[in-house]
Amino acid sequence: MELSEHIKTANVEDVTLRRPFHPALRGTLCVTSHHLLFSDRKDEASWQLLILLKNIDAIEKRAVGSSGTITIKCKDLLVLQLEIPGMEECLNIASSIEALSSLESVTEMYPFFYRPSHLTLNGPWGLSSTEQYYKQTERLWDRWRVSTVNSDYSVCPSYPSAVIVPREVDDDKLIHSARFRQGGRFPVLSYCHHRNGMVIMRSSQPLTGANKKRCKEDELLLQAVIDGSELGYIIDLRSAQQAQQARMTGGGFESKSFYSHWKRIHRHHERGKVVQESLIKLVEACSDPSHSVDRWLSKLENSKWLSHVHSALSTAGLVVECVERDGHSVLVHGSEGTDNTLLVSSLAQLILDPASRTVTGFLCLLEREWIQAGHPFQQRCAHSAYSHARLKQECPIFLLLLDCVWQVWRQFPLALEFSEALLLRLAQEVYASNYGTFLCNSEQERCAAGVKENTHCLFQSLLRPDIEEQYLNPLYEPTDLAIWPSVHPQSLQLWTGLFLRWTEYAQNMEEAREEVWSIVKEHHEQAGPDRTNNTLSTHCDTLTSFENLMDELTIL
């Protein structure tokens, strides 16, 4: 079926658009295969609003006399209202939007049609590969190697074609280990610490089952990670009770008897539907202006979103403590190893690794730990917080990661090269994008769909000099030290830039950010060639000015 066949009414005149912060506008509404276009042609200079249909999470229809009103709720939390003359036209527009915003075929989605003049499909896709990461990390060369045992994705469908594993473990042992791990996700290297050579690995749960099955190849694989006298830590992202229950359905955990040099620690993390419903409750609280401050704070607490933020940062801190302070290697896993496992390993690297705090390094981290590592984006991000569809496999774990990174950025305003603007851009792109980066659920699916040959890479686009400048942190001051974010309740705050972005508060915050930029530029211009000697005092002055602005906004 052609996409155009879903369009029952393509154009409607005299439509009234209502949106946050702006007066109502009357103009022409147009539905295309991938966009909703509103044009105001009253003045000589036409104003247009273009919405990617993939960004629409839910629509609500209401009859008003002989006309109709459509409320559009977007995945980036924007809510629009369209007043359409003629009930038939209203229903046709609504039906077209519903069909075109929920396309299931990847090759029908807009990234396969997006062809900007400044980008080309020629050349490499993405920022780095497993092989390139290995070549750039010299500390891996003695004890680790790149394996292509999964080159045809038959060993593990969700892993990339190449992985980094202990040098003394051959591919045959990897295959046996994969059969012993859920979904074939055998332990692979995620990060090697530059200070002491300790590593973070990740995997899925072992399939020990009720009979306590074992796999000698899996045991040898983990033993090869550490010297015989060393101790490693397994961070299981389930409670001990949940891990025990998993054995009844074929899953389980590593036995102390067979993994004697590994100590298991359980850290409970919610997953799946629970986290999705938490996001829904949070957005509902932030979208309702009718209740008092006390009631709003109560609804915010009941959403438990900040509890998930706390759990993620707390467990990442535990991993960092094992690696940095105690000098032990760590294996992180939950059940499937495609969600919370990636969340914790990514945050631990951000805390440990100064390279991951640069713009390029952070995007490479996301590419390595989420895109290549097989986070099922198409399943998890099918809907956001407004959809009326029955929840299936949706879960905003990547959004939770961005929130955690924002918490780190807020607590350490000098440590990250990128600003909140980059996190907001990624939060939008993961649900609806012109680029192919977040399409599909694995590298295997992206290869089958021809994503790399037929779409553009978001991360490459973000690193173009004229684009990257928009996302730089003006206060950035590099440090080689680990940063230790606080997880005390008073230290974790609602990410207002995202969840309140369509409110007056967010508008004031944007003005504050612009003023901070102007302050920083003014200081740098005054400092001249010797500005490096004045960096610290400049940042202190800037932070003081920023805090004063925040105080003024709080009063407002």
Treating only Lys and Arg (+1) and Asp and Glu (-1) as charged, each at its beta carbon, one finds that segment 3-103 has a dipole about its Cα centre, in Debye to the nearest 20, of 240
The rounded separation in angstrom of the Cα centers of segment 474-500 and segment 193-238 is 31
The extension gain from D466 to K61, computed as 0.36 nm times the residue separation minus the Cα-Cα distance, is 141.7 nm
The FRET efficiency for T120 and L50, from their Cβ-Cβ distance with R0 = 25 Å and rounded to 0.05, is 0.60
Log10 I(q)/I(0) at q = 0.10, 0.13 Å⁻¹ for segment 64-190, from Debye over equal alpha-carbon scatterers, is -0.63, -0.78
Inter-part gap, Cα centre of segment 336-415 to Cα centre of segment 107-168, in whole angstrom, is 18
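For segment 287-378, what is Rg from Cα atoms divided by 2.2 N^0.38 Å, rounded to two decimals?
1.36
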Length gained if M87 through S4 is fully extended, taking 0.36 nm per residue and subtracting the Cα-Cα distance, is 27.7 nm
Taking r as the C-beta separation of S260 and R195 and R0 as 25 Å, the FRET efficiency to the nearest 0.05 is 0.40
Computed over the Cα atoms of segment 222-343, the Rg and Dmax in Å are 18.2, 62
For the chain, the longest principal axis of the Cα atoms and the Cα long axis of helix 87-100 enclose an angle in degrees, to the nearest 10, of 20
Hull surface over four for the Cα convex hull of segment 273-429, reported in nm², is 10.3
The farthest towards the positive end of the charge dipole of segment 3-103, of the residues C74, V15, S46, given +1 on Cβ of Lys and Arg and -1 on Cβ of Asp and Glu, is C74
With +1 on the Cβ of every Lys and Arg and -1 on the Cβ of every Asp and Glu, the dipole magnitude of the chain about its Cα centre, in debye rounded to the nearest 20, is 2060
Summing -39500 (n - 2.57) over every DSSP H run of at least 4 in the chain, dividing by its residue total and rounding to the nearest 500, the 222 nm mean residue ellipticity is -11000 deg cm²/dmol
For the chain, the longest principal axis of the Cα atoms and the Cα long axis of helix 420-429 enclose an angle in degrees, to the nearest 10, of 80
Dividing the surface of the Cα convex hull of segment 3-103 by four yields a projected area in nm² of 6.1
The FRET efficiency for T69 and T496, from their Cβ-Cβ distance with R0 = 35 Å and rounded to 0.05, is 0.75
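Can you give the direction-averaged projected area of the convex hull of the alpha-carbon atoms in segment 369-418, in nm²?
Across all orientations, segment 369-418 yields a mean hull projection of 4.6 nm².
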Quick calc of log₁₀ I(q)/I(0), segment 152-239, Debye, one scatterer on every Cα, no solvent, q values 0.22, 0.25 1/Å, result -1.22, -1.48
Rounded to a whole number, the Stokes-Einstein D of the chain in µm²/s (Kirkwood radius over Cα pairs; 10 °C; 1.306 mPa s) is 63
Straight-line reach check, K54, cutoff 20 Å on alpha carbons, 8 or more apart in-chain or any other chain, hits among aspartates and glutamates -> E2, E5, D76, E98, E104, E108, E394, E429, E445
Longest principal axis of the chain (C-alpha) makes with the long axis of helix 397-411 (C-alpha) an angle, in degrees to the nearest 10, of 90
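No lab work stands behind these numbers, since they all come straight from the coordinates. Since we're looking at a predicted model, the values are computed, not measured. No Cβ is skipped: glycine too gets one built from the backbone with ideal geometry, and neighbour counts run over all protein chains shown.
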